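Asker: Let me give you the structure first, and then I'll get to my questions.
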Amino acid sequence: MRKIIHIDMDAFFASVEQRDHPELIGKPVAVGGSRKRGVVAAASYEARKFGVYSAMPSVTARKKCPELIFVKPRFDVYKSVSRQIHGIFQQYTDLIEPLSLDEAYLDVSENKKGLPTATDVASEIKQAIHRSTGLTASAGVSINKFLAKIASDYDKPDGLFVITPNRAQQFIDRLPIEKFFGVGKVTASKMKSLGIRNGAELKQWSLEELVSLFGKSGHYFFDVANGQDNRPVVAHRERKSIGAETTFIEDQTSLDRLIESLQGIAQEVTRRVSSQQSAGRTVTLKIKFANFTQITRSHSMLTPVNDYQSIFSTAHYLLNEAFGEGMSVRLLGITLSNLDKKNCADTQLTLRF
């Protein structure tokens with residue numbers, strides 16, 4: 001039986017800003033752009049009381065909370081603090097699976113300090129994070145990833161919630177279906193229409209029935225309803241793609257303007273690929289139109305590339321092929337995938353379409 005901890009920093013980006021700018025403490029803060037097309041990247045708990053959450057359009061957030069203070073993101077700072085936190089994790093275990101800058105799974109079935117319980121480990125980690133960074137984290141402790149993830153969100157902020165083996169199934173049975181990790185609003189609504197309101201009612205359905213109703217996700221729903229989640233903590237997850245994108249303040253209808261923006265996006269992708277000492281064989285162009293429909297166009301090469309000219313030239317070709325008269329573009333992005341760190345020498349591409 002595994003001992004899994006899920007650590008989730010509390011309102012991470014916003015908390016860093018409040019820590020570094022004391023005048024923001026106690027005030028509703030949103031990290032993100034305040035422009036017309038801006039999006040909230042993170043919201044302080046003071047802002048959340050007004051219904052402001054991450055991924056919400058900034059215009060909507062401002063309507064919900066007229067006193068909302070927008071702060072420009074400082075991702076270099078957030079990454080630096082994240083490295084501090086992961087350094088603390090490494091004092092207890094090498095089995096660390098980062099999910100993002102502000103959350104990770106830890107397998108502490110055996111811990112480096114020989115602490116008797118996973119709860120002790122989680123408590124020490126929380127204290128160490130606060131001493132080192134001045135920030136609070138919430139921790140969930142249980143026998144698998146599914147339960148640990150739910151537990152970390154159960155007593156936020158600055159929480160520590162434990163779901164022991166002997167009460168795991170009872171906890172799942174009582175859990176409202178919308179609280180299940182992986183169940184979104186649409187799925188929750190469908191389940192409720194079928195009379196599935198909690199884990200106990202989900203458990204009454206057979207694997208065949210759930211697969212018939214929810215496809216491949218039916219396997220996952222069947223397993224977690226019965227307390228089963230055998231996914232291991234994966235310590236070294238390889239990155240599958242590197243990309244960048246931009247959302248325009250005003251919809252763009254000019255191909256020349258789009259090409260100009262594409263240059264900046266390609267430069268950013270090149271910088272990120274270089275920092276990862278990687279290269280990729282597939283360039284994908286992403287276009288989101290004014291009506292929110294989205295298309296992607298890709299081209300794969302025989303050899304990996306990581307230079308600006310190859311990335312931009314390929315994306316430029318794909319844009320010329322995809323863009324037509326009368327189109328209005330809201331977002332443009334480039335992704336480099338099929339990454340290869342072993343063959344990331346300065347490989348120049350001769351484009352042959």
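The values are calculated or read from the model by the stated rules, or taken from the named source; none is laboratory data. Everything quoted here is computed from the prediction, not taken from an experiment. Please note: Cβ atoms are built from the backbone with ideal geometry, for glycine as well, and neighbour counts cover all protein chains shown.
Asker: Of the residues that make up segment 228-238, is at least one under 30 Å from Tyr45 (Cα atoms) and under 20 Å from the mean Cα position of the chain (by Cα)? Break it down stepwise before answering.
Answerer: Step one: list which residues in segment 228-238 are under 30 Å from Tyr45 (Cα atoms), which gives 233.
With under 20 Å from the mean Cα position of the chain (by Cα) added as a condition, the list becomes 233.
Yes, segment 228-238 contains a residue that is under 30 Å from Tyr45 (Cα atoms) and under 20 Å from the mean Cα position of the chain (by Cα).
Asker: If you don't mind, another one. Would you point out which residue out of Asp340, Asp307 is among the acidic types (Asp, Glu) and modelled with pLDDT under 85? Even if it seems obvious, please write down each step before you answer.
Answerer: On the way: Asp307 fails: modelled with pLDDT under 85.
The match here is Asp340.
Asker: Across segment 252-293, what is the number of residues that are at pLDDT below 90 and either more than 17 Å from Ser337 (Cβ to Cβ) or not hydrophobic (A, V, I, L, M, F, W, C) (or both)? Even if it seems obvious, please write down each step before you answer.
Answerer: Applying the first criterion (at pLDDT below 90) to segment 252-293 yields 271-278, 290-293.
Checking which are either more than 17 Å from Ser337 (Cβ to Cβ) or not hydrophobic (A, V, I, L, M, F, W, C) (or both) leaves us with 271-272, 274-278, 290-293.
Qualifying residue count, segment 252-293: 11.
Asker: Still on this structure: Hey, can you tell me all the residues within segment 153-167 that are buried (at least 17 other Cβ atoms within 10 Å of the Cβ) and outside any loop (DSSP other than H, G, I, E, B)?
Answerer: If the condition is that a residue be buried (at least 17 other Cβ atoms within 10 Å of the Cβ) and outside any loop (DSSP other than H, G, I, E, B), then Leu160, Phe161, Val162 are the ones that fit.
Asker: Specify which of the listed residues (Ala225, Ala235) is touching a Lys or Arg at 6+ places or on another chain (Cβ under 7 Å) and of a type outside the set (Asp, Glu).
Answerer: None of the others qualify; the one that does is Ala225.
Asker: Do we have Ile172 as in contact (Cβ under 8 Å) with a residue 40 or more places away in the chain, within 21 Å of Leu95 (Cα to Cα) and not basic (Lys, Arg) here? Can you show your working first?
Answerer: Details: in contact (Cβ under 8 Å) with a residue 40 or more places away in the chain: yes; within 21 Å of Leu95 (Cα to Cα): no; not basic (Lys, Arg): yes.
No: the conditions fail for Ile172.
Asker: Shifting gears a bit: Working only within segment 198-245, note down all residues that are surrounded by 14 or more Cβ atoms within 10 Å (Cβ to Cβ), acidic (Asp, Glu) and part of a loop (DSSP other than H, G, I, E, B).
Answerer: The answer is Asp229, and nothing else.
Asker: What's the total number of residues in segment 14-31 that are in contact (Cβ under 8 Å) with a residue 12 or more places away in the chain and either in a helix (DSSP H, G or I) or surrounded by 24 or more Cβ atoms within 10 Å (Cβ to Cβ) (or both)?
Answerer: Selection size over segment 14-31: 11.
Asker: If you take the residues of segment 95-142 that are closer than 22 Å to Pro232 by Cβ, hydrophobic (A, V, I, L, M, F, W, C) and over 21 Å from the mean Cα position of the chain (by Cα), which of them is surrounded by the most Cβ atoms within 10 Å (Cβ to Cβ)?
Answerer: Ala122
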